[in-house]
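Report on one structure; see the data block that follows.
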Amino acid sequence: MVRLLHRVALAAATAAGAVAYVLTNPPDEAWISSLRAVRFTRAACAAVGVSVDYKWSLRSLESGTPQYSKVMREIHLRSALRLREMCSLNGGLFIKVGQHVGALEYLFPREYVQTFKVFHSDAPQTPLARMKRVIEEELGKPADELFLELEATPLGAASLAQCHRGVLRDGRVVAVKIQHPDVGKNAYTDMETMEFLVHCASWLFPSFHFQWLADEVRRNLPDELNFIHEARNQEKFAAMFRHLKFVKAPKVHWDLTTPRVLTMEFCEGGKVDDLRYIQRNRIPVDEISLKLGQMYSEMIFQHGFIHCDPHPGNVLVRASRGGGAEIVMLDHGLYSVREWISTPHLSRV
C-alpha cells in the first residue's frame, strides 16, 4: 500500500508541476505555454486516474478468479471511457493514438477497442470558419474565392484533419482535406507528453509493453503532417493499380494542394464495414473480400508499398456500373516500404 501511495503521489506531483510550468515562462509566451500545460495536465490526470483505478480495484482480488476477470473488464471500460474523453478534449495526436487503439483488436482488451473505434469516423470537429482561415493561410486567397461551396458539416473528422465536400468554380465536386489549425503547433509537445506517460505506465505496470506505439507515431508524424507527401503517395497508389479497374484513389488537384490542404476528386461510397449500405446497394460481400485480398496481396508481395491505415473510415466500397464491387482507398499519408518483400520469388506465391 505504501508503495502504491508513493507512486500515485509522484504521478500527481508531475501533473501539478505542469500547472506551475506556466508561471515560469516569459509573459509573451504565457498563453502558448498555458495551453500546452493544460493539455499535459489533462493527460497526466487521466493517466493517474486510470493507474489508481487498476491498482486499487484489484488490490485484494486473486488473479485468474471469475471475480477478478469481472472487475478487470469493468476497469477496462471505465478507463477506456476516461481516456477517450481526455483524447477528445486534447485532440490532434491523442486522437491519432486512439485510432490506433481502436484498430488493434489483437492487442488491446475488447473494451478499449470498442470504445476507441468511434475515432475512426467521428473524431472532434473544428468549425468551418477556422478551417477556412487555414485555406487562406495556405493558398493565399479566401476560401470563398476558390470554392463555390464548402459544406459546413465535414464528410469526416480525424485526428490531424477533417474533410469537407466542396464545389470548384468550374462546377467540379471535390473533397477538401484541411489540417486542424493547432495540430502543427501542438504535435511534438503532445508526442513528448505521450512518451512520458507511456514510460510512467511501464514503470507502474511492468507488464505494459507499448513503447513501440509511441515510437511508431513519432517516426511517422512528419510525413502525416505533410499533405504533399500524402498526395504523392495517392498518385503512386493509383499508378500501381491502374491495371485493376475496381481499385480507385481520388485524383489530386495540385493547384489547390499544400502541406496543410489537400484538394481531391470527390468519391462516393460507403464504409467497408457498413453492412446496411452494402446490402442496400446490392454489392456482393464475397467479391469485396476477394478484391481486398487481391489488392493487399499485390501491395505486400509485388510492390512492397503498403497502405498502413486501412481502418473502415479509409476504405470505401461502392457498386460498379456492371454491378460488381469497387474499392476506394482514402488517407494515403502513411505507407510502409518493404523492399525485401518485393522479390520475384515472393510475388509468385
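Since every read-out is calculated from the coordinates, none of them should be taken as a lab result. Everything quoted here is computed from the prediction, not taken from an experiment. Cβ coordinates were reconstructed from backbone atoms using ideal geometry, including for glycine residues, and neighbour counts include every protein chain displayed.
Brief remarks follow.
- Once the convex hull of all Cα atoms in the stretch 105-152 is built, its volume per residue stands at 109 Å³.
- With all pairs of different C-alpha atoms in the average, the Kirkwood value for the hydrodynamic radius of the stretch 135-264 is 16.9 Å.
- Couplings 3J(HN,Hα) of the stretch 92-100, computed from phi: x, 5, 5, 5, 4, 5, x, 5, 4 Hz, in residue order, whole Hz [Karplus 6.51 cos²θ - 1.76 cosθ + 1.60, θ = phi - 60°; x for Gly and Pro].
- Formal net charge of residues neighbouring I278 (Cβ-Cβ distance under 10 Å; K, R +1; D, E -1): +3
- Counted charge near F147, where neighbours are those whose Cβ lies closer than 12 Å (Asp, Glu -1; Lys, Arg +1): -1
- Label point 7 Å beyond Cα of E216 along Cβ direction - residues of the stretch 148-175 with amide nitrogen under 18 Å: 159-160
- Considering every alpha-carbon pair of the stretch 43-200, the percent of pairs per 10 Å bin, from zero through the bin containing the longest distance, is 10, 31, 27, 17, 9, 4, 1.
- Whole-Å semi-axes of the stretch 255-321's equivalent ellipsoid (Cα gyration tensor): 24, 19, 10
- Label point of L155 set 7 angstrom out along Cα-Cβ; within the stretch 252-280, amide nitrogens under 13 Å from it belong to 252-253, 262-271.
- Summary of the geometry: the stretch 212-235 and the stretch 41-107, compared by the centres of their Cα atoms, lie 27 Å apart.
- A convex hull fitted to the Cα coordinates of the stretch 75-122 yields 56 cubic angstrom per residue.
- DSSP-loop GluC sites (Glu not before Pro) across the stretch 258-297, with at most 11 other Cβ within 10 angstrom: E268
- Dipole of the stretch 165-278, positive end: most advanced residue of A214, N186, V173 [Cβ charges, Cα centre]: V173
- Stokes-Einstein D in µm²/s, Kirkwood radius over Cα pairs - the stretch 220-347 at 10 °C with 1.306 mPa s viscosity: 103 µm²/s
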